Amino acid sequence: MLLRRHDEATQKAAAAAKAKVAGIAITTETATKGNIGVYLDSIGTVTPVFTDSITSQVDGLITEVHYTEGQRVNKGDPLVDIDPRPYRATLLAAQGALQRDENVLAQASMDLARYRAAWERNAIAKQILDDQEKLVAQDEGTVKNDQGTLQYDQVQLDFTHITAPISGRVGLRLVDPGNVVQSASSTTLAVITQLEPITVIFTIPEDSLGQVAARLTQGATLTVDALDRTNQKKIGTGKLLTIDNQIDTTTGTVKGRALFDNKNDGLFPNEFVNTRLLVRTLQGVTLAPSSTIQQNGQASFVYVIQNNVAHLRNVKVGVTDGGQTQVTGIGPGDVLANSSFDKLQNNSPVAISSTPVESNPSGSNTP
């Protein structure tokens, strides 16, 4: 029995020595050279370019409601009709007054022509001619007043046929045929929201304002991505239109507005979205998988694998995007450890494995 235990201990020691010689099993990734974008992440609100709340400009009874709830309308499409009969009657009276006064003016003008001919023959006094000239001027003023009244009445009649001022989507129906509306009330007849194109308003930190403003001054087109609430699915891609003219002192941010085509109606008015503003793109930099980079306090480091030996290398971390991080301190083509960080030390022998290797979730190791 004692001999058997001695043999088992010897076998375990030999296995441990063999594992030590073989090295720590790890998986690896390779640093590459490429481009990476500098993004500003924020939360934004989908805001229509135009939102019209339509109210009545005249008093009257609603005779027709032409739109249906949720309908897409184009500019000029009929929405609501108000009883036009009182306004047609007023317009007709204005037309009659204008016609009467135009003929009065014509008669006065004919008399003025006769008086001028008579004055040239010294047949009438100058006072009669002067009085007739002023009478013609008065009649001309009356005709202009009638023309203004006629135009006003025509506008009032046009207000009884309400059409869409913009193209967009109509909301829920707010009035029905038979309702009486008044111009003095604030009753909304319909709400139209433009969906294509649409904008997103988001915030930019004041510390990043300088680089964004500089790019806009240069005439650059800055891309903005809109993502869903989980920050996983991209809803649409637009461009930054402009930034606000002042910083909000309570938040230390400035508002920016981005324009989206929204052809698929993925963006809905007043929806909260996550935004990513691409400020610039770094060209030809060294990129390393973010999972290969470890932290020791404020310092960042990686394990570079050379000849099956892990060499600790301090790096300076830059921009991170899509699981890739810009780093300085290593070069493209360097092979980096990507697992077993809880076991690795500087100059540790390693054995590269093609299968995933379990590692300490913390992934940190003090060099």
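No lab work stands behind these numbers, since they all come straight from the coordinates. Just so it is clear, the structure is predicted and the values come from calculations on it, not from any experiment. All Cβ positions, even for glycine, are placed from backbone atoms using ideal geometry, and neighbour counts span all protein chains on display.
Nearest-5 percent of antiparallel DSSP beta bridges in the chain?
For the chain, the DSSP antiparallel bridge percentage is about 95.
Any idea what the dipole of the chain comes to, in debye rounded to 20, about its Cα centre with Lys/Arg Cβ at +1 and Asp/Glu Cβ at -1?
Once rounded to the nearest 20, the dipole reads 2300 debye.
Would you kindly derive the ³J(HN,Hα) couplings of the stretch 100-105 from the backbone phi angles with the Karplus curve 6.51 cos²θ - 1.76 cosθ + 1.60 (θ = phi - 60°), listing them in order in whole Hz, with x for Gly and Pro?
Once θ is set to phi - 60°, the couplings for the stretch 100-105 become 4, 6, 5, 6, 4, 5 Hz.
At 222 nm, what helix-only mean residue ellipticity would the chain give, in deg cm²/dmol to the nearest 500, using -39500 (n - 2.57) for each DSSP H run of four or more?
-9500 deg cm²/dmol, from helical runs alone.
Once you put a point 7 Å from the Cα of Gln138 and another 7 Å from the Cα of Ser109, both along the Cβ direction, what distance in nm separates them?
So the two model labels end up 1.9 nm from each other.
Determine the relative contact order of the chain: mean sequence separation of Cα pairs under 8 Å and six or more apart, normalised by residue count, in whole percent.
28 percent
Fewest to most neighbouring Cβ within 10 Å: what's the order for Ile204, Ile36, Ile243?
The fewest-first ordering by Cβ neighbours comes to Ile243, Ile36, Ile204.
With charges only on Cβ, +1 for K and R and -1 for D and E, what is the dipole size of the stretch 85-158 about its Cα centre, in debye, rounded to 20?
Here the stretch 85-158 has a charge dipole of around 140 debye.
Which value in nm describes the separation of the simple spin-label points at Gln246 and Asp228, placed 7 Å from the Cα toward the beta carbon?
3.9 nm
Just to be sure I follow the rule: in the stretch 218-367, considering lysines 8 or more places apart or on different chains, how many pairs have Cα atoms under 28 Å apart?
Lysine pairs meeting the criterion: 8.
Identify which of Arg116, Arg72, Arg173 has the largest mean-square fluctuation in a Gaussian network model of the chain, with springs joining Cα atoms closer than 10 Å.
Among Arg116, Arg72, Arg173, the largest GNM mean-square fluctuation belongs to Arg116.
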